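Down below is the structure, laid out as structure tokens.
The values are calculated or read from the model by the stated rules, or taken from the named source; none is laboratory data. All figures in this text were calculated on a predicted structure; none of them were measured in a lab. So basically every Cβ, Gly included, is an ideal-geometry build from the backbone, and we count neighbours across all protein chains shown.
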Amino acid sequence: MRISLPHTIDNGHGQIMTFRELVHEPDGDKLIATGTCTPNAGPTMHVHYKQDEGFKIVKGKIGCQFYGEEPVYYTEGQEVVFPRNIPHRFWNAGNDILELKSWVKPANSITFFLPTLYAAQKKTRTGRPELFDAAYLMVRYKNEYKSLGLPLFVRKIVLPLVYSLGNILGKYKKFKDAPDPLK
């Protein structure tokens, strides 16, 4: 699935990101983006199994936490990197809009996964993604991404059942051009 750049996504709950450029490098494509978060907005604890991610704080204050560790805070001009396979989360820890420059490498399926996740979040009032779309993303791309913000029972039992039901009901025809998951 190809998108035209720049491409802006908005989860409707305080996070907006613009994919700016895809830089082709010998060891994998690097996606360059910019983004904003309203105070306290940010994703739950999650992990990228196949990608590294980095931020430079342009304006504001970001809180970051690696799984099992205490939060760390960064301000304008500072950078933070989240290595692949390390569960993490981040949020706007200030009172104003947080502005970031970011990158993800290798880009892999992020230009499909994140816009689809943001769209699923935008469908709800809670910020939690719509159930069928969440099941599609979390089951199909389980070797690439995991949300530790979901209880184990939901990740292992509920989402696979909902994913199967979604297949039976034809809920995923809209994703016919989705990239194949990585092994």
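Structural remarks
- Failed item in (1) assigned by TED's automatic domain parsing to the domain that holds Pro26; (2) part of a helix (DSSP H, G or I); (3) among the basic types (Lys, Arg), with Arg89 passing the rest: (2)
- Beta carbons closer than 7 Å, at least 6 apart along the sequence or on distinct chains, pair a first residue in region 171-183 that is outside the structural domain of Asp133 (by TED's automatic domain parsing) and touching a residue at least 12 places away in the same chain (Cβ under 8 Å) with a second that is crowded, with 16+ Cβ neighbours inside 10 Å and among the basic types (Lys, Arg) for Pro181/Arg140; Leu182/Lys50.
- Considering (1) at pLDDT 95 or above; (2) of a type outside the set (Ser, Thr, Tyr); (3) surrounded by 15 or more Cβ atoms within 10 Å (Cβ to Cβ); (4) under 15 Å from the mean Cα position of the chain (by Cα), the lone condition that Pro179 does not fulfil carries the number (4).
- Some residue of region 122-140 being acidic (Asp, Glu), surrounded by 20 or more Cβ atoms within 10 Å (Cβ to Cβ) and part of a helix (DSSP H, G or I): yes
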